[in-house]
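The values are calculated or read from the model by the stated rules, or taken from the named source; none is laboratory data. Everything numeric here is computed off the predicted structure, so don't read it as measured data. Glycine also receives a Cβ, built like all others from the backbone with ideal geometry; neighbour counts cover every protein chain displayed.
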Amino acid sequence: MKFPVLMLGLALSIGALTGADAAEPPIVIKFSHVVAADTPKGKAADFFAKRAAELTGDKVKVEVYPNSALYKDKEELEALQIGAVQMLAPSLAKFGPLGVKDFEAFDLPYIFGDYDDLHTVTQGPIGAAILKKLEAKGIVGLAFWDNGFKSFSAKSPIKTPADMKGKKFRIQSSKVLEEQMRALGALPQVMAFSEVYQALDTGVVDGTENPPSNMFTQKMHEVQSNLIMTQHGYLGYAVIVNKKFWDGLPAPLRGQLEQAMKESTDLANRIAQEENDRALEGIRASGKTAIYEPTAQEKLAFKKQLVPVHKTMEGRVGKDLIQSIYEVTGFKPDSL
């Protein structure tokens, strides 16, 4: 009889389709960040999503949410800890309020002379030891990503530290950055990154500090008339993941994601300088913000006023940590 044979074939076909439909869905990683997609961090996050899919054979899907689409920078760490998102790349200043004050060493003004000094720390034993301290908070630190070196902008010209006296400057939540602004006679105003443009536009604050890429992509140059290239401090990020989620991944997948992260870190750090250079030219071409290059003497005046913040913050950041950074970078504060 052909009927049972036909039914058997149909049953096998349905079973095959059901098996295909029942294939494991991809593991979803929600990657939230607060800056624009065309910044160094935004581009590296998108590249990580692409490489994660390729290296895992689409077993992992990374969903990137830029520009505070999910959470503002004050909210995102809590979201990660409760598992509402799996991955973030917050600026390093965010970890001091979390209780890991070692990260505030990166906020110390003029502690890094250039990217070589910086990478000696972030890509060496000091950086690895700092990331390790996040595990007690339920977080795994995967990598450091560069943005660039910050400069001051304001609605009035700045050429000397005295020009900042009495002015309200937006900062991230960081005791080091608060002390930095006070050392200049400025008034620190802690504010979420997503609120800065409007605050500058309405005069809630007089100025801020950013690498050119952040200033340009957030259109801050349209509501600031002056930028002085002090390059006084570093702005970077730690790429972090929820520890419970990360530890629960199959080891082969975790290894593939680590490779994707390594490649993304190489990209982020390679493009940081060129993206900031391009943004600076964009600011210049707009004609809306005057860019001032301080003389050697003017820059030295900022250094002399700001480097003592290192000593002031030893009790918070850690004297031994600061000294270890001096040793690997060769920085000598007493030589100023």
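Structure data summary
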{"quantity": "Cβ-Cβ under 6 Å pairs, at least 6 apart or on other chains, region 70-84 side within 11 Å of S32 (Cα to Cα), far side among the polar types (S, T, N, Q)", "calculated": "L70/S32; Y71/S32; K72/S194; E76/S32; L80/N242"}
{"quantity": "Hits in region 41-96 - residues which are of a type in the set (V, I, T) and either crowded, with 21+ Cβ neighbours inside 10 Å or in contact with a helix residue (DSSP H, G or I) (Cβ under 9 Å, 6 or more places away or on another chain) (or both)", "calculated": "T56, V60, V62, V64, V85"}
{"quantity": "Any chance K332 is without any contact (Cβ under 8 Å) to a residue 24 or more places away in the chain, in contact with a helix residue (DSSP H, G or I) (Cβ under 9 Å, 6 or more places away or on another chain) and farther than 24 Å from G141 by Cα", "calculated": "yes"}
{"quantity": "Given (1) closer than 30 Å to V205 by Cα; (2) assigned to a helix (DSSP H, G or I), number of the condition L253 does not satisfy", "calculated": "(1)"}
{"quantity": "Candidate set: region 19-33, residues that are modelled with pLDDT of 90 or more and outside any strand (DSSP E or B); chosen: the one surrounded by the fewest Cβ atoms within 10 Å (Cβ to Cβ)", "calculated": "P25"}
{"quantity": "Boolean, I283 is within 17 Å of F152 (Cα to Cα), within 25 Å of the chain's Cα centre (by Cα) and not in a helix (DSSP H, G or I)", "calculated": "no"}
{"quantity": "Any hit, region 283-306, residues being surrounded by 14 or more Cβ atoms within 10 Å (Cβ to Cβ) and within 30 Å of A49 (Cα to Cα)", "calculated": "yes"}
{"quantity": "Number of the condition not met by D73 [criteria: (1) at pLDDT below 95; (2) under 17 Å from the mean Cα position of the chain (by Cα); (3) more than 22 Å from F149 (Cβ to Cβ); (4) not basic (K, R)]", "calculated": "(3)"}
